[in-house]
Amino acid sequence: MGATITVPRACLSTRRSSRCGRRLRAPRGRISSRLLSAELLACPFCRQLFPSGEADKCPECGIALKPLAKLPPSHDALADEPVEVVPLHMQRLPLLFFGRNRGLLTLLGALGLITFFSPWVHETAPDVLSYSAFDLGLRLRWIWATGVAYLVMIPLVLSRRTVHAMRGARVAVAFLAGVAVVTVLVRLLFVPSGTALRPVRYEWGWGLYACGVVAVLSVAAALRFGGTLTNFSDIPVEKETEKKRRS
């Protein structure tokens, strides 16, 4: 005789049939992939899977089985999803990396700010005074372009943390240094003039010439900012990245 199945009266109703059906169905187990891989053993060579406790060695290869979670990705898995290797020119460099003219441009920017506050003009008549670029900027606003250019150049250079970013900032850094060059040239070409009743005698200070030299050197260094893409011997490569490249 067949077994008798007692169906609850509530399940006879059409409205509650779906609800009771859900009760009669077995609950679906949710097993995470991490737990599943921890319970499985695999052959390190052929990657054949075995439940835990079924075997200690692979019957085909004769190699001791190991937990699947502790094995590295197989060759087929790496072929389907290869490890992404960041190119050397896109790797983020340390903050204190000063190669490829990064440190040189930072130093030149700091020297440029020093020359901005150094004597640019020595007046001998009618008064004996010395004016820095900062003092001249209070009267001639366009001279402030030199100080602003050097002030912006320092964080611009330091914020470039990859070779790709350094090479991309060449034009911007060279433009800022060129602003200082143009300012010094304009100051040298358009000299202050006096009158017959108030003659003006002056001499150019060392700060003006030093600022021009620093600006020219900055332009030359900016054109080679970031170096070349053929030699990366000076780039500090992270150990993990190097391992990925070798594998």
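Below, the figures for the structure above:
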{"quantity": "Cross-chain or 6+ apart pairs with Cβ under 6 Å, region 202-214 first and free of Cβ contacts under 8 Å to residues at least 24 places away in the same chain, then in a helix (DSSP H, G or I) and surrounded by fewer than 17 Cβ atoms within 10 Å (Cβ to Cβ)", "calculated": "none"}
{"quantity": "Region 66-81, subset surrounded by 10 or more Cβ atoms within 10 Å (Cβ to Cβ) and modelled with pLDDT under 65, residue nearest to A165 (Cα to Cα)", "calculated": "L78"}
{"quantity": "Helices (runs of 4 or more DSSP H) (entirely within region 133-223) containing at least 2 residues that are more than 29 Å from Q91 (Cβ to Cβ) and out of contact with any strand residue (DSSP E or B) (no Cβ under 7 Å at 6 or more places or on another chain)", "calculated": "133-137, 144-158, 170-189, 206-222"}
{"quantity": "Residue match in region 189-212 (condition: at pLDDT 90 or above and basic (K, R))", "calculated": "no"}
{"quantity": "Search result, residues across region 87-110 that are of a type in the set (K, R) and exposed (fewer than 15 other Cβ atoms within 10 Å of the Cβ)", "calculated": "R92"}
{"quantity": "Condition met for V237 (in a helix (DSSP H, G or I) and either surrounded by fewer than 16 Cβ atoms within 10 Å (Cβ to Cβ) or modelled with pLDDT under 90 (or both))", "calculated": "no"}
{"quantity": "Selected residue (criterion: surrounded by the most Cβ atoms within 10 Å (Cβ to Cβ)) from residues of region 111-132 that are among the aliphatic types (A, V, I, L, M) and not in a helix (DSSP H, G or I)", "calculated": "V121"}
{"quantity": "T146 being of a type outside the set (A, V, I, L, M) and crowded, with 19+ Cβ neighbours inside 10 Å", "calculated": "yes"}
{"quantity": "Test for L113: is it more than 30 Å from F225 (Cα to Cα) and among the hydrophobic types (A, V, I, L, M, F, W, C)", "calculated": "no"}
{"quantity": "Some residue of region 45-63 being surrounded by 13 or more Cβ atoms within 10 Å (Cβ to Cβ) and either modelled with pLDDT under 75 or under 38 Å from the mean Cα position of the chain (by Cα) (or both)", "calculated": "no"}
{"quantity": "Filter pass, S37 being over 30 Å from G226 (Cα atoms), surrounded by 10 or more Cβ atoms within 10 Å (Cβ to Cβ) and at pLDDT 65 or above", "calculated": "no"}
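The values are calculated or read from the model by the stated rules, or taken from the named source; none is laboratory data. Because the structure is a prediction, the values reported are computed rather than measured. All Cβ positions, glycine included, derive from the backbone under ideal geometry; neighbour counts span all protein chains shown.
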